[in-house]
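Here the structure is laid out as structure tokens; the discussion comes afterwards.
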Amino acid sequence: MSNIISLFSNNTQITFQRQEDGYINATSLCKSVGREFHTWVHPLIFIDIALAINPKLKIEVYEWLFDNLIKYRNDSGVSYKKMCGTLFTKITQKAKFHEYISTVADKIKLACNIKNDWQEATEEQLKLRDKIQDNISLLCEVLSNTDDAVRLGILKTVKLI
């Protein structure tokens, strides 16, 4: 038994959904709008359909997204913590560390050409940020002046790119 539903302003009725399992008849939907043999969809809708009908592909896509997008955001915490640790050991006014690290973070953000938020950063910008943080950490190990370490760490990294 199927539900018959009017979907469009011209009151076209189509067999739309099976009661026994709730599946929706996409063929009837496409035919109801006058598309004969081919149904054209936006590329993002195509991806959505492909992921819905192929669970294996869906898992592969989600794993790719995790590996190539999310991990850079998560991995950045390691370089940031390392940089903060080396800077903290070098500065004399520990009570003002929060202000100091905020200034350093703003300089790194500027060097990476981030206008608003790190959540909008590209993969390349995130990698650049991590390299800058690593270089600042390394330079803090050999330089006594943290401002010089920050300045040179940014300058060295940006020149390499």
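With the condition being surrounded by fewer than 15 Cβ atoms within 10 Å (Cβ to Cβ) and of a type outside the set (A, V, I, L, M, F, W, C), I'd like the helices (runs of 4 or more DSSP H) fully within the range 42-133 carrying at least 3 qualifying residues.
Because the criterion is at least 3 residues that are surrounded by fewer than 15 Cβ atoms within 10 Å (Cβ to Cβ) and of a type outside the set (A, V, I, L, M, F, W, C), the helices (runs of 4 or more DSSP H) in the range 42-133 that meet it are 55-65, 71-90, 97-111.
Which count do you get for residues in the range 90-130 that are of a type in the set (A, V, I, L, M, F, W, C), without any contact (Cβ under 8 Å) to a residue 24 or more places away in the chain and touching a helix residue (DSSP H, G or I) at 6+ places or on another chain (Cβ under 9 Å)?
7
If Asp48 satisfies all but one of (1) in the same structural domain as Asn25 (by TED's automatic domain parsing); (2) within 17 Å of the chain's Cα centre (by Cα), what's the number of the condition it fails?
(2)
The values are calculated or read from the model by the stated rules, or taken from the named source; none is laboratory data. Source: prediction; values computed, not measured. Virtual Cβ from ideal backbone geometry, glycine too; neighbours counted across all protein chains shown.
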